[in-house]
Amino acid sequence: SSDEHDPHSAAGTFVTTEHFVLQGARASTIAESTGRANMFLAAVSGGLVALGLVATASSLGAAFYGFGLVLLPTLAFVGFVTFERTLQSSIEDTEYARRIAMLRGYYFEHAPEVARFLVSDPPAERLFLTQRVPADRWQGYRTVAGMVAVITAVLAGSTAALAAILIFDHSLAAAVISGAVVALPVMIAMVRREDSAWQRAAAEP
């Protein structure tokens, strides 16, 4: 038949298949980010419940501090790893979206009669703005990676505060100062890391 020798017919099949594969890849990255964030939050929730039980059982004795100084750094490490992976997944998802927009450009070019039935995508470069706006300093805190960064910074600060209580003979002031001195720089560093990763991704062709 004529379709078998029509290169446009074969190209259309290839493009629609690629569109489907990219959409499936986007769904996978979103599911992975959500799953990792949920696992991290579940670990933090369970760890804090366990810490509370130990505090009650030991009456804030040595067992509580020992358990806390093992648990909180471990949860903070899990947070760092989760932050990195959710950041990678969100950038991958946006790259898949950009490639889908390019494929849709093919549809509009070769089948202009359907343009009035479809919503036109913005230029491919602007797709990064849907998830991360480098010019908006607060956008980083609204992403999944940003949420994980804030919780991780609090865990790191809590570790420092707990250690300061032991070192400075249960001084509340020392604990608050130590926690703030650690938590704020960690949070700022992680959000800046997110900013730089998005800027590098946006600059790539």
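The values are calculated or read from the model by the stated rules, or taken from the named source; none is laboratory data. Note that the structure is a prediction, hence the values are computed from the model and not measured. Cβ: placed from backbone, ideal geometry, glycine included. Neighbour counts: every protein chain shown. Accessible surface areas use protein heavy atoms only, side chains included; no ligands, DNA or RNA. Shrake-Rupley method; radii C 1.70, N 1.55, O 1.52, S 1.80 Å.
Considered as a group, the residues in the stretch 14-67 that are crowded, with 16+ Cβ neighbours inside 10 Å and more than 26 Å from the chain's Cα centre (by Cα) include one that is nearest to ALA175 (Cα to Cα), and that residue is TYR65. From the list VAL49, VAL15, VAL21, the one residue that fits, being modelled with pLDDT of 95 or more and hydrophobic (A, V, I, L, M, F, W, C), is VAL49.
Within the stretch 154-165, does at least one residue satisfy the condition of being in contact with a helix residue (DSSP H, G or I) (Cβ under 8 Å, 6 or more places away or on another chain), assigned to a helix (DSSP H, G or I) and under 17 Å from GLU92 (Cβ atoms)? Within the stretch 154-165 (the criterion being in contact with a helix residue (DSSP H, G or I) (Cβ under 8 Å, 6 or more places away or on another chain), assigned to a helix (DSSP H, G or I) and under 17 Å from GLU92 (Cβ atoms)), the answer is no, since none of the residues qualifies.
Take the residues in the stretch 89-102 that are open to solvent by 30 Å² or more (accessible area, probe 1.4 Å) and more than 12 Å from the chain's Cα centre (by Cα), then tell me which one is farthest from ALA145 (Cα to Cα). Among those that are open to solvent by 30 Å² or more (accessible area, probe 1.4 Å) and more than 12 Å from the chain's Cα centre (by Cα), it is MET102.
Please enumerate the residues belonging to the stretch 171-187 that are over 15 Å from ILE151 (Cβ atoms) and either within 27 Å of the chain's Cα centre (by Cα) or among the polar types (S, T, N, Q) (or both). Can you show your working first?
To start, the set of residues in the stretch 171-187 that are over 15 Å from ILE151 (Cβ atoms) comprises 171-178, 180-181, 185.
Result: SER171, SER178, ALA180, VAL181, PRO185.
Against the criterion of being touching a residue at least 24 places away in the same chain (Cβ under 8 Å) and either surrounded by 14 or more Cβ atoms within 10 Å (Cβ to Cβ) or part of a helix (DSSP H, G or I) (or both), THR86 qualifies. Filter the stretch 178-201 down to residues that are open to solvent by 30 Å² or more (accessible area, probe 1.4 Å) and of a type in the set (D, E, K, R) and give me whichever is modelled with the lowest pLDDT. Ranking the qualifying residues of the stretch 178-201, first place goes to ARG200. Do we find that GLY157 is among the small types (Gly, Ala, Ser), open to solvent by less than 40 Å² (accessible area, probe 1.4 Å), closer than 20 Å to LEU51 by Cα and within 21 Å of the chain's Cα centre (by Cα) in this structure? In short, yes.
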